[in-house]
Every structure is written in structure tokens, then in C-alpha cells.
Amino acid sequence: MTARKIYQILIELRGSQPKIWRRLLISSQMSMYDLHRTIQLAMDWDNSHMHHFIKDKKIYALRTPWDDYWEEMGCIDYSEIKVSDLLKRKGSKMLYEYDFGDSWYHDIIVEKTNVSSTHKMLPVCLEGENNSPPEDCGGIWSYMNILEILKDPEHEEYDEWAEWMSEDFDPTYFDKDKLNKRFELLLGDCG
């Protein structure tokens, strides 16, 4: 059995300006499914859409009974795969795609391995910046456009998007303590 190491990873939402990112400590022995759940919480997604990971041009996803294109896509079932099976060293990278319609691409990068930590439970968020886009807003380019529209109350689409977005939505908001409480409550110690 492989010994548990603590990885420091960076998760960045590709195409976001300003950058939307989270820096986390995770166990190298975390399952890929728990990594998926961790990303969902870290980015405040609803887990209401399909997802997969891409590493070295291979697609890793959970096999579902209704997936008619599994073999055609050459997917690998990640249900028995650990993070350390795909991310082995500092600098290792992979892609996480969530919601195949909006295509939220997240770059996952191992910044450090063998991190020493006083944290009793993993995962834990060390830092991050900016709120994630709301679900189903059309992808990163649409989200960036919506933010520009909302800066100009005279814009012809302002009223439509102001009504669609929740009134309390702040694109610059991020609270790592709140996220860490959610990790502890909803994930416990993973790996």
C-alpha cells in the first residue's frame, strides 16, 4: 500500500479574468471521486451536470449505465483510481471539465508534494480568489460578458441579467473559512 502524502494543489478556472482559483491541501490517497466532490465544493458548483478528468489525452469518468458513448470516447472508469495514480509529482497537471454544455474547464496543478501540515482533516483550503460563476450562465465567455454588462446600468441587456443573477452575487467574494467548514461537514477526512 502506498503511503499517504499531502499534496498542495492549485485549481484554476480556465479563461477567468480576474482569475478564479483555489489552493488546497489534499491527500495523495484521495479517490478521484472525492477529488471531484472537493472541486465541486471549492468552486461552489451544484454537482448537477456531468464531469470528467483529462490526463495525457485520456478521459477519466465514472461509468454510468446510460452512457451510450463510453467505448467510442475511450473513457477510463475512475472509480478505483486515486489522485496519486494520475498526479505523481510536483508540476503534474490534469484538466477537470464540469458541465459539458457550459464547459467549465479547471486546470489542476500539483504545486508541492510531501507537505507537512498541522491540519487534522483534508481537504483544506489555504487560499483562493473570486467567486465562481453561477451554474448554467453559458460558460466562461458568457460569464465574463455578463459581468461587463452588469457594470453598465445603461446597457440594453442590463435589466435582464440583473434579474437573472441573484441580488447578493458578488464576483469578488471568496471565504476560505466558510469553504473549510463545508469541507469538514460534507467531506470529512478524505484519504
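Since every read-out is calculated from the coordinates, none of them should be taken as a lab result. As the structure is a computational prediction, the values presented were derived from the model and not from experiment. For neighbour counting, all protein chains shown are included, and Cβ atoms are generated from backbone atoms with ideal geometry for every residue, glycine included.
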Notebook entry, point to check: Check residue 112: other-chain or 5+ apart residues with amide H under 5 Å from its amide H, H built from backbone geometry?
Noted result: 8
Notebook entry, point to check: Roughly how tilted is helix 140-150, in degrees to the nearest 10 and between 0 and 90, from the longest Cα axis of the chain?
Noted result: 30
Next item on the list: Would you list, by chain and number, the lysines whose Cα falls below 23 Å from the Cα of residue 5, excluding same-chain residues fewer than 8 positions away?
Entry: 55, 82, 88, 90, 93, 112, 120, 176, 181
Margin query: Suppose every Lys and Arg Cβ carries +1 and every Asp and Glu Cβ carries -1, with no other charges. What dipole size does the range 69-191 come out with about its Cα centre, to the nearest 20 debye?
Written below: 1460
Next item on the list: Could you tell me which label, among [x] 31, 20, 18; [y] 40, 22, 15; [z] 30, 21, 14, carries the value of semi-axes √(5λ) of the Cα gyration tensor in Å calculated for this structure?
Entry: [z]
Notebook entry, point to check: Using the Karplus equation 6.51 cos²θ - 1.76 cosθ + 1.60 (θ = phi - 60°), what ³J(HN,Hα) coupling, rounded to whole Hz, does each residue of the range 80-91 give in order, writing x for Gly and Pro?
Noted result: 10, 9, 9, 3, 5, 6, 10, 10, 9, 8, 3, x
Check: Taking amide hydrogens as modeled 1.01 Å from N in the peptide plane, which residues meet the under 5 Å criterion relative to residue 14, leaving out close sequence neighbours?
Finding: 105, 106, 107
Notebook entry, point to check: Using a ≥ b ≥ c from the Cα gyration tensor of the range 1-103 (square roots of the eigenvalues), is it rounded, prolate or oblate, where a/c under 1.5 gives rounded and otherwise the larger of a/b and b/c decides, a/b for prolate?
Noted result: oblate
Checklist line | J(HN,Hα) series, the range 180-189, from Karplus relation 6.51 cos²θ - 1.76 cosθ + 1.60, nearest Hz, glycine and proline x | finding: 5, 5, 5, 4, 4, 6, 9, 10, x, 9
Checklist line | Proxy reagent accessibility, fewest Cβ within 10 Å first, across 83, 110 | finding: 110, 83
Checklist line | Under-5 Å amide H pairs with residue 29, H placed in peptide plane, nonlocal only | finding: 5
Checklist line | For the chain, share of DSSP beta bridges that run antiparallel, in % to the nearest 5 | finding: 95
Note to self: What do you get for the angle between helix 32-42 and the principal long axis of the chain? Use alpha-carbon atoms, 0 to 90 degrees, nearest ten.
What the structure shows: 30
Checklist line | the range 28-120 - charge dipole about Cα centre, Lys and Arg +1 at Cβ, Asp and Glu -1, debye rounded to 20 | finding: 780
Note to self: Could you give each residue of the range 13-26 its phi-based ³J(HN,Hα) in whole Hz, using Karplus coefficients 6.51, -1.76, 1.60 with θ = phi - 60°, and x for Gly or Pro?
What the structure shows: 7, 4, x, 7, 9, x, 4, 10, 8, 9, 10, 10, 9, 9
